[in-house]
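The next block holds one structure in the form of structure tokens; read it before the comments.
The values are calculated or read from the model by the stated rules, or taken from the named source; none is laboratory data. Note that the structure is predicted; figures quoted are calculated from it, not measured. As a convention, Cβ positions derive from the backbone with ideal geometry for all residues, glycine included, and neighbour counts pool all protein chains shown. Calculation scope for accessible area: heavy atoms of the full protein, side chains included, ligands and nucleic acids excluded. Shrake-Rupley method; radii C 1.70, N 1.55, O 1.52, S 1.80 Å.
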Amino acid sequence: MRVIAGSAKGIHLSSVKGSATRPIPDRIKGSLFNILAGVIPDSQVVDLYAGTGAIGIEALSRGAKSCIFVENDRSAIQIIKKNLELTKLQTNARVLLYDVFEIIPYLEKNNVIVDVIFASPPYPLLEKNSYSDDLLSIFSSFCTKHILLLDGLIMLQHRKTDFAMTPKDLAIELFDTRTYGDTQLSFFKNRLQREHLI
């Protein structure tokens with residue numbers, strides 16, 4: 001697992017022991033950042049379920065202005081900090097020991113406004129309908145709480161068969177999906193943007 005492009009290109013990242021985290025394969029990570037090539041430079045980013053920090057670090061390496069890493073596993077937190085030091089990208093990073101479902105009050109209190117949110121939850125969690133529904137509701141709250149900019153986006157990494165995307169009556173809208181073997185990347189935009197333009 002390495003940084004693919006940017007200021008930290010080629011640096012190999014440390015991984016978390018065990019199966020609690022699931023790093024994004026370099027091939028998929030490369031495709032993701034090719035899709036977002038015009039979005040990442042100078043962006044404010046949040047990396048949910050950060051794991052090793054690979055996605056947020058890639059964003060920083062490619063010119064993101066800042067990244068908040070959110071992870072609830074203490075051993076993973078230490079690995080993220082180590083990887084930020086390896087890549088010399090810690091200056092523009094905040095590493096938070098938080099549950100994803102409890103992060104919004106912190107972001108509101110600190111007036112955090114972001115362009116891009118990455119979310120790579122453990123696949124088994126998304127197999128539970130209640131969990132996936134709750135996660136989509138959190139995505140919606142990022143919009144209604146004005147944490148995600150009107151033209152911002154959310155990327156969710158999940159297994160292709162995990163769950164049906166039905167963000168009805170929510171402030172998010174699914175606008176693109178990309179499939180790589182068993183992995184799917186789903187992209188959501190802020191539905192409030194459309195209402196704002198009307």
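Separation between the residue 12 and residue 110 pseudo-spin-labels, each 7 Å from Cα along Cα→Cβ, expressed in nm?
3.2
Please report how many Lys pairs in the chain have alpha carbons closer than 15 angstrom, counting only residues at least 8 apart along the chain or sitting on separate chains.
8
About its Cα centre, what dipole magnitude does the chain give when the only charges are +1 on Lys and Arg Cβ and -1 on Asp and Glu Cβ, stated in debye to the nearest 20?
620
Compute the long axis of helix 26-35 from its Cα atoms, compare it with the longest principal axis of the Cα atoms of the chain, and write down the angle in degrees, 0 to 90, nearest 10.
50
Please report, as a whole percent, how much of the solvent-accessible surface of the chain comes from carbon and sulfur atoms (probe radius 1.4 Å).
Reported share for carbon and sulfur atoms: 48 percent.
Tell me which residues come under 5 Å, amide H to amide H, from residue 183 once H is placed; ignore anything under 5 positions away on its chain.
160
How far apart, in nm, are two points set 7 Å out from the Cα along the Cα-to-Cβ line at residue 123 and at residue 150?
3.9
Please determine, in degrees from 0 to 90 and to the nearest 10, the orientation of helix 74-87 with respect to the longest principal axis defined by the Cα atoms of the chain, where the helix direction is its Cα long axis.
70
Compute for region 1-150: radius of gyration divided by Kirkwood radius, i.e. Rg/Rh, restricted to C-alpha atoms, rounded to two decimals.
Expressed as Rg/Rh, it is 0.94.
Averaged per residue, what accessible area in Å² does region 1-98 show with a 1.4 Å probe, protein chains only?
On a per-residue basis, region 1-98 sits at 46 Å².
Helix 129-144 versus the longest principal axis of the chain: what is the Cα-based angle in degrees, 0 to 90, to the nearest 10?
Tilt of helix 129-144: around 90 degrees.
Of all DSSP beta bridges located in the chain, what percent are antiparallel, nearest 5?
45
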